[in-house]
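Trainee: Sharing a structure here in structure tokens format.
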Amino acid sequence: LAVAAVAILAAHHDRVWNASLSGLSPVSEADQAIDRSLRADLGAPDLRYLVVLKAADRESALAAAERTGRRLDGLVEAGTLGGYESPARFLPASATQEARRQALPERAELARRLDAALEGLPLKADKLSPFLDAVDAARHQPLLSPESLHGSTLALAVDTLLLRRADGWTVLMPLR
């Protein structure tokens, strides 16, 4: 009986034993193929491929996500990756936000540049005063925080990708 069992296993080993974890799934291969196709059409990330970063605090985690994102951008440009998700897209680190805010010119300087740019054009600078107001307001607004995103769809995206753990913070960056 033992010899017969070994002979059957040897002859049909490819159908009896499946080393793949997907073999445990009750979903048929055809349905899995449809799922893969739909995910590809939607550009949804394949959650089998994640970049996982750990940091002691939220700011360090966001800064690490930004650094990693710059490296991943090169892979996307080269066509190696289809894309990725990052919480830093929705909530940049405070240092990045501050640098961007400092890059905005003062209202008087921006108005001077705007006058020079519009010289000889039919558009008058006074029509763009709401733009000057918006830039000036942006220079004086508080930095974006998770609390300021509360209740928005952006908060859901950040909360999904930036996780607080007992030992610090974890960033999940799904790859496409």
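The values are calculated or read from the model by the stated rules, or taken from the named source; none is laboratory data. Source: prediction; values computed, not measured. Every residue, glycine among them, receives a Cβ derived from its backbone with ideal geometry; neighbour counts consider all protein chains shown. Heavy atoms of the whole protein, side chains included, go into the accessibility calculation; ligands, DNA and RNA do not. Shrake-Rupley method; radii C 1.70, N 1.55, O 1.52, S 1.80 Å.
Trainee: Mind listing which GluC sites (Glu not before Pro) in the stretch 109-176 are in a DSSP loop and have 14 or fewer other Cβ atoms within 10 Å? Intermediate values should be presented prior to the final figure.
Mentor: Values: sites: E109, E119, E147; in loops: E119.
Answer in residue order: E119.
Trainee: Determine how large the accessible area of D41 is when every protein chain is in place; take a 1.4 Å probe and give Å² rounded to the nearest 10.
Mentor: 120 Å²
Trainee: Taking a 1.4 Å probe, which of T96, T170 shows the most accessible area, and what order do the others take after it? Numbers along the way, then the final one.
Mentor: Numbers: T96 35, T170 10 Å².
The residues order as T96, T170, largest area first.
Trainee: Suppose a student asked you for the relative contact order of the chain, using Cα pairs under 8 Å spaced at least 6 residues apart; what percent would you report?
Mentor: Working: 151 pairs, mean separation 64.5, N = 176.
Computed over the chain, the figure is 37 percent.
Trainee: Compute the distance in nm between two label points, each set 7 Å from the Cα along the Cα-to-Cβ direction, one at S148 and one at Q102.
Mentor: 1.7 nm
Trainee: Quick check: the distance between the Cα centres of the stretch 74-107 and the stretch 138-172, to the nearest angstrom?
Mentor: Taking the Cα centre of each part, the stretch 74-107 and the stretch 138-172 sit 15 Å apart.
Trainee: Apply 1/(1 + (r/R0)^6) to the Cβ-Cβ distance of D167 and R39, taking R0 = 30 Å, and write down the FRET efficiency to the nearest 0.05. Write down the numbers at each step before the final one.
Mentor: Values: r = 32 Å, r/R0 = 1.06.
The computed FRET efficiency comes out at 0.40.
Trainee: If I model a spin label as a point 7 Å beyond the Cα along the Cα-Cβ vector, how far apart are those points for F131 and A95 in nm?
Mentor: Each label point is offset 7 Å from its Cα along the Cβ direction, giving 3.3 nm.
Trainee: I'd like to compare 75-83, 155-163: which one has the highest average count of other Cβ atoms within 10 Å, and what's the full order after that? Can you show the working numbers first?
Mentor: On the way: 75-83: 11.6, 155-163: 16.7.
Highest to lowest by the protection proxy: 155-163, 75-83.
Trainee: Just to confirm, what accessible area per residue do you get for the stretch 116-176 at 1.4 Å probe, in whole Å²?
Mentor: Details: 4110 Å² over 61 residues.
Per residue, the stretch 116-176 has an accessible area of 67 Å².
Trainee: Angle, helix 94-103 long axis vs. longest principal axis of the chain, Cα atoms, 0 to 90°, nearest 10?
Mentor: Relative to the chain, helix 94-103 is tipped by roughly 40 degrees.
Trainee: Residues of the stretch 25-97: accessible area per residue at 1.4 Å, in Å²?
Mentor: Details: 4580 Å² over 73 residues.
That works out to 63 Å² for each residue.
Trainee: Equivalent ellipsoid semi-axes for the stretch 12-164, as square roots of 5 times the alpha carbon gyration tensor eigenvalues: give them largest first, rounded to whole Å.
Mentor: Numbers: eigenvalues 430, 81, 43 Å².
Working through the eigenvalues yields semi-axes of 46, 20, 15 Å.
Trainee: Ignoring any ligand, DNA or RNA, what whole percent of the accessible area of the stretch 65-176 comes from carbon and sulfur when the probe is 1.4 angstrom? Write out the running numbers ahead of the final one.
Mentor: Numbers: 4060 of 7170 Å².
The computed percentage sits at 57.
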